[in-house]
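Novice: Sharing a structure, written as structure tokens. Questions coming.
The numbers here are math on the coordinates, done by the rules we state, and not lab data. Just so we're clear, the structure is a prediction, and the values are computed from it rather than from any experiment. No Cβ is skipped: glycine too gets one built from the backbone with ideal geometry, and neighbour counts run over all protein chains shown.
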Amino acid sequence: MSLFQNILSSVMKGTRRLNRLRSKSFGKLHKNINKAVDSVMSTTGEVSSLVYSEHLLNLIEKLDDKSLYKFLNHLLSNYDIDTKKLTKDVKNYSSEKNDKNLQKIRISSEPLWIELFRRLNSTSNGTYRLVKLREKIRAMNKPELKAFDSGLLKLFKYWFNPSFLVLEKIDWETPANILEKIIEYEAVHQINSWDDLRARLAPTDRQCFAFFHPLIPNDPLIFVEVALTTGLPESIQNIIKLEREEIDIEDANTAIFYSISNCHNGLLGISFGNFLIKKVASNLKRELPDLNQFMTLSPLPGFMKWMEEYSPISFERCSEKNCGDEELMKNAVKYLTKSERNDGMPNDPVSRFHIGNGASLEKINLNADTSEKGMMQSFGVMANYLYDLKVVEENHENFFKNKAVPVSNKIDSLKKKYKF
């Protein structure tokens, strides 16, 4: 983690420098938040812009939801697109098509509050603070604020470009403040104690990898937990149980990605998982050449709701524990290989993620997650998705052309058996 310690040290130096600058006089720091916005947007000096932006961001972070809603509406009213200017610029470009006139359109077609967010991003820890601001905006669930949600997302897609991200291995020696984040952010299979976490990180046949952003060195963006096995486990309980026999990783032939957790709601809409899985798989293959299978053991979070709507008789029987394995498997195959969606994408959100990344549906496992959560969301059913590094790109392209879920021979046989 020395890389991140160096980055953090650099960030802290920048913060101390900003504190020294703040002690100097760059004009009045308004307590009125709207006047503070005017100061940020009207200044031309780089240093004064930094001081004003830091002050404004501090004011924004102190707002309750009601005050934040009022403030954002003020931005929409006073710092949105100047439609008259945009119309004039478009007219000028229509008359004389040149780079100068095109540049004017680029500027006038963008809301001024976008530039405000860019300036706020230059403050100490500004990127992370804007991610948290988007979380607040999304939580308010106001249609009229949707522009800020999408505007920030557009900026984040530039600022969180995959080429900027750093892959780090998380293990039992990772600093405690980051390990606490892993416990907090785990979204698939809850980590209930430090012993639980240790069982996932300390053994050499259990590994974890995370993407970090250089400007947010102490907070992962996304992480994946991996089990190295000698075969294909059919139950998540066997993977995450505390007491088990550890294997020599040199004997492992399969890497199971059993939990992938995005860490920040403020970054929803940015796909880190695609790059994470493929990068981790490539790294593991390089370190352990005998690994010949890269698979997931994935939940089916929408399966029960789907059955309730599209297979109500089976749903009632399974809810009362009166349905047989054949009936449950038939519904699971249909759920994962057919689509009731208007866009033709897979019914299941986890399936959409993996199939969209170029994986294929390899196997469906009954009684694979007997936890309360597993039974409540999918009657205990889980699925294996295969990441064949030789064909993931081809699978990705083919899927988005024809929307057909690539499947193993075993799944294909089940489809024929059930006449799907």
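Novice: Considering only Asn395, Asn125, Asn34, give the residue with the highest GNM mean-square fluctuation for the chain, with springs between Cα atoms whenever their separation is below 10 Å.
Specialist: Most flexible of the set in this elastic network: Asn34.
Novice: While we're here: Add -39500 (n - 2.57) for each DSSP H run of 4 or more in the chain, then divide by its residues: what number comes out at 222 nm, to the nearest 500 deg cm²/dmol? Kindly include the intermediate steps, with their values, before the conclusion.
Specialist: Numbers: 20 runs with 225 residues, N = 420.
Per the formula, -16500 deg cm²/dmol.
Novice: Can you report the principal axis dimensions of segment 91-149 using only the alpha carbons, biggest first, rounded to whole angstrom?
Specialist: 45, 30, 10
Novice: List, in order, the whole-Hz ³J(HN,Hα) value for each residue of segment 139-145 obtained from phi through the Karplus relation with A = 6.51, B = -1.76, C = 1.60 and θ = phi - 60°; use x for Gly and Pro.
Specialist: 5, 6, 6, 10, x, 5, 9
Novice: Name the residue, out of Pro406, Pro289, Pro233, whose mean-square fluctuation peaks in a Gaussian network model built on the chain with Cα pairs under 10 Å.
Specialist: Highest fluctuation among the options: Pro289.
Novice: So between Asp412 and Lys142, what do we pick up on full extension, going 0.36 nm a residue minus the alpha carbon distance? Don't skip to the end; give the middle numbers.
Specialist: Working: separation 270, 0.36 × 270 = 97.20 nm, distance 4.46 nm.
Full extension of this stretch gives 92.7 nm more.
Novice: Taking a temperature of 10 °C and a viscosity of 1.306 mPa s, what whole-number D in µm²/s does Stokes-Einstein yield for segment 37-95 with Rh from Kirkwood over alpha carbon pairs?
Specialist: Details: Rh = 13.7 Å.
So the translational diffusion coefficient is about 116 µm²/s.
Novice: Please identify, among Thr43, Thr87, Thr337, the residue showing maximal mean-square fluctuation in a Gaussian network model of the chain using a 10 angstrom Cα cutoff.
Specialist: Thr87
Novice: If packing is taken as the mean number of other Cβ atoms within 10 Å per residue, what is the order of 167-176, 319-328, highest first? Each step should come with its number before you reach the end.
Specialist: Values: 167-176: 14.6, 319-328: 12.7.
So the order, starting with the most tightly packed, is 167-176, 319-328.
Novice: As I understand it, the dipole of segment 155-214 uses +1 on the Cβ of Lys and Arg and -1 on the Cβ of Asp and Glu, about the Cα centre. Which of Pro162, His213, His189 lies farthest toward its positive end?
Specialist: Most positive-ward Cα: Pro162.
Novice: Oh, and also: No solvent, one uniform scatterer per C-alpha: report log10 I(q)/I(0) for segment 153-213 via the Debye equation at q = 0.18 1/Å, two decimals.
Specialist: -0.71
Novice: Right, next: Note the direction-averaged projected area, equal to a quarter of the hull surface, for the Cα convex hull of segment 199-342, in nm². Let's see the in-between values first.
Specialist: Values: hull surface 46.8 nm².
Across all orientations, segment 199-342 yields a mean hull projection of 11.7 nm².
Novice: Next question. Can you give me the distance in nm between label points at Asn92 and Lys403, each placed 7 Å from the Cα along the Cα-to-Cβ direction?
Specialist: Result: 4.5 nm between the two label points.
Novice: For segment 281-293, just list the computed ³J(HN,Hα) in residue order, Karplus coefficients 6.51, -1.76 and 1.60, θ = phi - 60°, integers in Hz, with x standing in for Gly and Pro.
Specialist: Calculated HN-Hα couplings, in order: 4, 5, 5, 5, 4, 5, 7, 10, x, 7, 5, 10, 9 Hz.
Novice: Magnitude of the Cβ-charge dipole of the chain, K/R +1 and D/E -1, about the Cα centre, nearest 20 debye? Mind showing how you got there, number by number?
Specialist: Numbers: 60 positive and 54 negative charges, 517 e Å.
It comes to approximately 2480 debye.
Novice: For segment 163-417, what number results from the quotient of the Cα radius of gyration and 2.2 N^0.38 Å?
Specialist: Values: Rg = 18.1 Å, N = 255, 2.2 N^0.38 = 18.1 Å.
Taking N as the residue count of segment 163-417, the ratio is 1.00.
Novice: Moving on to the next point. As an exercise, find the ratio Rg/Rh for segment 294-416 from alpha-carbon atoms, using the Kirkwood inverse-distance average for Rh.
Specialist: Details: Rg = 14.0 Å, Rh = 14.5 Å.
Checking Rg against Rh, the ratio lands at 0.96.
Novice: Taking Rh as the Kirkwood radius, which is the inverse of the mean 1/r over Cα pairs, what is the Rg/Rh value for segment 21-159? Before the final figure, lay out each step's value.
Specialist: On the way: Rg = 16.3 Å, Rh = 16.2 Å.
Across segment 21-159, the Cα-based Rg/Rh ratio is 1.00.
Novice: Which ³J(HN,Hα) values in Hz, rounded to whole numbers, follow from the phi angles of segment 357-365 under the Karplus curve 6.51 cos²θ - 1.76 cosθ + 1.60, where θ = phi - 60° and Gly and Pro get x?
Specialist: Residue by residue, segment 357-365 yields 7, x, 7, 10, 6, 9, 7, 10, 10 Hz.
Novice: How would you rank Met329, Met382, going from fewest to most other Cβ atoms within 10 Å of each one's own Cβ? Don't jump to the answer; show the numbers that get you there.
Specialist: Values: Met329 17, Met382 25.
Ascending number of Cβ neighbours within 10 Å: Met329, Met382.
Novice: Around Ser259, which amide H atoms from residues at least 5 apart in sequence, or from another chain, sit under 5 Å from its own amide H, with H modelled in the peptide plane?
Specialist: For Ser259, whose amide H was placed from the backbone, the distant partners under 5 Å are Glu225.
Novice: Taking R0 as 41 Å, what FRET efficiency do you get between Asn192 and Lys35 from their Cβ-Cβ distance, rounded to the nearest 0.05? Walk me through the numbers before you get to the answer.
Specialist: Numbers: r = 49 Å, r/R0 = 1.20.
Calculated transfer efficiency: 0.25.
Novice: For segment 215-270, how big is Rg over Rh, using alpha carbon atoms and the Kirkwood form of Rh?
Specialist: On the way: Rg = 14.9 Å, Rh = 13.6 Å.
Ratio of gyration radius to Kirkwood radius for segment 215-270: 1.10.
Novice: Here is a further query. With N set to the number of residues, divide the alpha-carbon radius of gyration of segment 346-397 by 2.2 N^0.38 Å and report two decimals. Walk me through the numbers on the way to the answer.
Specialist: Numbers: Rg = 12.6 Å, N = 52, 2.2 N^0.38 = 9.9 Å.
Normalised Cα radius of gyration, segment 346-397: 1.28.
Novice: Cα axis of helix 176-185 to longest principal axis of the chain: angle in degrees, 0 to 90, nearest 10?
Specialist: For 176-185 against the chain, the angle is about 70 degrees.
Novice: Relative to the longest principal axis of the C-alpha atoms of the chain, give the angle of the C-alpha long axis of helix 46-61, reported between 0 and 90° and rounded to the nearest 10°.
Specialist: Compared with the principal axis, the helix lies near 60 degrees.
Novice: Another question, then. Against the longest principal axis of the chain, how steep is helix 99-108, in degrees 0 to 90 to the nearest 10, with axes from Cα atoms?
Specialist: Relative to the chain, helix 99-108 is tipped by roughly 80 degrees.
Novice: Working from the pairwise distances between different alpha carbons, so that the mean of 1/r is found and then inverted, what is segment 101-204's Kirkwood radius in Å?
Specialist: Details: mean 1/r = 0.0586 Å⁻¹.
This gives a value of 17.1 Å.
Novice: Sorting Val405, Val37 on the 10 Å Cβ count, fewest up front, what's the list?
Specialist: Values: Val405 20, Val37 23.
Lowest count first: Val405, Val37.
Novice: In segment 214-306, with Lys and Arg counted as +1 and Asp and Glu as -1 at Cβ, which of these residues, Ser271, Pro299, Ile247, has the Cα nearest the positive end of the dipole, that is, farthest along it?
Specialist: Most positive-ward Cα: Ser271.
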